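Peer 1: The structure is given below, and queries will be raised subsequently.
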Amino acid sequence: MAKEISYAKVVVDKNYVISEIDKRIYGSFIEHLGRAVYGGIYEPGHPTADENGFRKDVLELVKELQVPIVRYPGGNMVSAYNWEDGVGPRENRPRRLELAWRVIETNEMGTNEFMNWSKLANTEVMMAINLGTRGIDAARNFIEYCNHPGGTYWSDLRREHGYEEPHCIKTWCLGNEMDGPWQVGHKTADEYGRLAAETAKALRLVDPNIELVSCGSSNSDMPTFPEWEATTLDHTYEHVDYISLHQYYGNRDNDTANYLAKSLDMDDFIKTVISTCDYIKAKKRSKKTIHLSFDEWNVWFHSNEQDKQIDPWTVAPPQLEDIYTFEDALLVGSMLNTMLKHSDRVKIACMAQLVNVIAPIMTENGGGAWKQTIFYPYYYSSVYGRGVALNPIVTSPKYDSKDFTDVPYLDTSVVYNEEKEELVIFAVNRHLENELHVDVDIRSFEGFEVVEHVVLENEDAKAKNTLGKEQVKPHSNGQSYKEAGKVIGILPKFSWNMIRLQKKIINS
Ligand code: AHR
């Protein structure tokens with residue numbers, strides 16, 4: 001049968017700037033949950049473990065992703081976490097019932113060890129505090145312990161613990177998903193708003209250099225969304241810098257065309273949160289703009305059933321171990337595109353999570369580490385998606401699916417890196433059958449030539465990677481070419497693509 005072809009057009013111009021991209025948009029997340037910490041980043045006795053017990057094979061993969069910021073230590077776990085349990089001599093640390101995930105927390109890893117790990121991983125830490133079971137007092141002590149130089153009770157305790165210099169943690173989350181009834185210490189919007197505002201004031205008194213993230217809704221389906229944002233921001237607006245968004249998708253009814261369109265829902269979610277922030281800005285006659293921290297996003301559904309079989313009160317059981325498919329990688333690519341297109345307001349985003357728990361990196365206890373399908377769009381976006389995001393003007397054929405109408409087959413974002421003289425086009429072809437020929441007008445990028453066209457494609461939507469067997473991995477044999485002020489991008493059916501152009505150096 002002859003290959004069916006669809007056609008799309010894109011205009012890209014140097015002057016259509018959305019924003020400078022905050023590199024923290026490529027952040028991630030490590031929670032004390034399942035095998036993210038124990039058996040993931042930390043496994044003393046592992047053949048690759050360093051003197052701290054950190055797995056060097058995992059560190060190498062994290063460094064490959066160039067993750068600029070990692071949120072820690074939760075997640076749901078943080079809402080009943082005593083930070084004091086995780087500092088000081090290991091032999092004195094308590095084993096606790098961890099209520100969010102109903103496991104035993106040994107506290108072998110804590111704040112200081114995580115700061116050590118972050119340095120080795122070449123990343124910044126985004127620290128979350130417990131506003132579920134605790135409040136202003138524990139929070140102000142914690143930041144004094146972490147960020148104050150010395151000469152006070154908590155800062156000197158840090159020094160006693162072997163950390164002479166303060167950690168200088170800049171970004172702090174005021175709790176986690178406090179709108180969720182499942183959260184230990186769940187609050188109403190007014191209760192949370194008041195507590196978050198007062199905690200923010202205290203934290204800034206200790207360290208005026210910090211940035212603060214107020215909890216938004218746990219997802220856009222929450223019955224209290226977006227009233228939660230409006231009410232909490234009414235309290236917190238002048239005290240915080242960001243509001244959080246969390247969203248996970250799944251292909252539960254095995255409808256791939258509909259599944260690939262779910263980034264449109266993410267786009268709506270972002271727009272609604274921006275409108276709500278700006279409504280409160282107007283209401284308060286404020287000069288300040290609140291930015292968005294999309295600090296949990298990913299695909300999460302594969303492991304839901306198997307997690308119900310896990311016995312409670314064990315140490316580091318294999319929870320939330322989604323094994324991702326090829327189609328998941330495409331949706332992840334589109335979610336990254338969506339955030340890039342909102343990079344004027346989305347300044348931080350964390351793929352949740354980083355290792356073993358709904359993660360791009362998987363490990364075996366005592367064994368190897370490997371890349372999931374979703375590793376690849378994340379890797380290319382993080383490594384090559386630095387610079388300014390441009391606004392691509394797209395004309396694409398469209399389709400309707402169960403939950404969406406007018407879904408463009410072409411989903412794209414464009415990044416210009418002036419310093420490297422590099423133009424990068426990320427593109428998903430959502431068409432399950434047809435190749436997509438995209439005519440990209442790049443007249444303002446004179447002298448730019450295609451240097452690489454990376455493609456992630458697979459005949460099997462459900463193809464997966466496992467240790468030692470990568471069924472889904474990119475190749476660089478993409479068929480794009482340059483033609484008088486244009487790039488003609490040939491996007492295989494049902495594929496993720498990165499077309500990279502650089503300015504040709506003309507030798508005189
Ligand atoms: O990332 C897994 C969980 O999802 C987090 O602990 C929680 O914040 C969210 O509901």
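Bear in mind that the values in this text are calculations on the coordinates, not laboratory data. Note that this is a predicted model, so its numbers are computed, not measured. With ideal geometry, Cβ positions are generated from the backbone for all residues, glycine too; neighbour counts draw on all protein chains shown.
Peer 1: Of Cys350, Pro360, Val10, which is farthest towards the positive pole of the chain's charge dipole, taken about the Cα centre with +1 and -1 on the beta-carbons of Lys, Arg and Asp, Glu respectively?
Peer 2: Val10
Peer 1: Tell me, what is the percent relative contact order of the chain, built from C-alpha pairs under 8 Å that lie six or more residues apart?
Peer 2: Details: 1193 pairs, mean separation 101.0, N = 508.
Reported relative contact order: 20 percent.
Peer 1: At a 10 angstrom cut-off on C-beta neighbours, averaged per residue, how do the peptides 475-487, 302-314, 333-345 rank from highest to lowest?
Peer 2: On the way: 475-487: 13.9, 302-314: 11.8, 333-345: 24.0.
The packing order, highest mean first, is 333-345, 475-487, 302-314.
Peer 1: Of Leu467, Leu491, how do they rank once you tally other Cβ atoms within 10 Å and put the fewest first? Present the calculation step by step, with values, prior to reporting the outcome.
Peer 2: Details: Leu467 12, Leu491 30.
So the residues, fewest neighbours to most, are Leu467, Leu491.
Peer 1: Using only Cα atoms, locate the centre of the range 1-77 and the centre of the range 476-508, then give the distance between them in Å, rounded to an integer.
Peer 2: Cα centroid to Cα centroid, the span is 26 Å.
Peer 1: Gap in Å between the Cα centre of the range 271-295 and the Cα centre of the range 190-269?
Peer 2: 11
Peer 1: Next question, about the same structure. Taking 0.36 nm per residue of separation and subtracting the Cα-Cα distance, what length does fully extending Asp460 through Tyr153 add?
Peer 2: Values: separation 307, 0.36 × 307 = 110.52 nm, distance 5.91 nm.
Using 0.36 nm per residue and subtracting the Cα-Cα distance, I get 104.6 nm.
Peer 1: Distances over 45 Å make up what percent of all Cα-Cα pairs in the chain?
Peer 2: Working: 16461 of 128778 pairs.
Distances greater than 45 Å cover 13 percent of the Cα pairs.
Peer 1: What's the exposure ranking of Ile210, Ile348, going from fewest to most Cβ atoms within 10 Å?
Peer 2: Numbers: Ile210 18, Ile348 27.
The most exposed by this proxy come first: Ile210, Ile348.
Peer 1: Report for the chain the percent antiparallel among DSSP-assigned beta bridges with both residues inside it, nearest 5. Walk me through the numbers before you get to the answer.
Peer 2: Details: 57 of 97 bridges.
Bridges in the chain are about 60 percent antiparallel.
Peer 1: Starting from the Cα of Lys284, draw a straight line to each of the lysines and keep only those under 23 Å, dropping any in the same chain fewer than 8 residues away.
Peer 2: Lys201, Lys271, Lys347
Peer 1: If neighbour count is taken as other Cβ atoms inside 10 Å, put Lys287, Lys23 in order from fewest to most. Working shown, then result.
Peer 2: Details: Lys287 6, Lys23 18.
Ascending Cβ contact count within 10 Å gives the list Lys287, Lys23.
Peer 1: Using the Cα centre of the chain as origin and beta-carbon charges of +1 (Lys, Arg) and -1 (Asp, Glu), tell me which of Ser413, Ala138, Pro73 is placed farthest towards the positive end of the dipole.
Peer 2: Comparing the listed Cα positions along the dipole, Ser413 ranks first.
Peer 1: Among the lysines, which have Cα under 28 Å from the Cα of Lys469 when same-chain residues fewer than 8 positions away are ignored?
Peer 2: Answer for Lys469, where 28 Å is the Cα cut-off: Lys56, Lys63, Lys308, Lys371, Lys493, listed by chain and number.
Peer 1: Which residue, Leu336, Thr188, Ser303, has the largest displacement toward the positive end of the dipole of the chain when charges sit on each Cβ (Lys, Arg +1; Asp, Glu -1)?
Peer 2: Leu336
Peer 1: Please list, or write none, the aspartates and glutamates whose alpha carbon is within less than 20 Å of the alpha carbon of Lys402, excluding same-chain residues fewer than 8 places away.
Peer 2: Those aspartates and glutamates meeting the cut-off are Asp221, Asp253, Asp255, Asp265, Asp267, Asp268, Glu327, Asp328, Asp411, Glu433.
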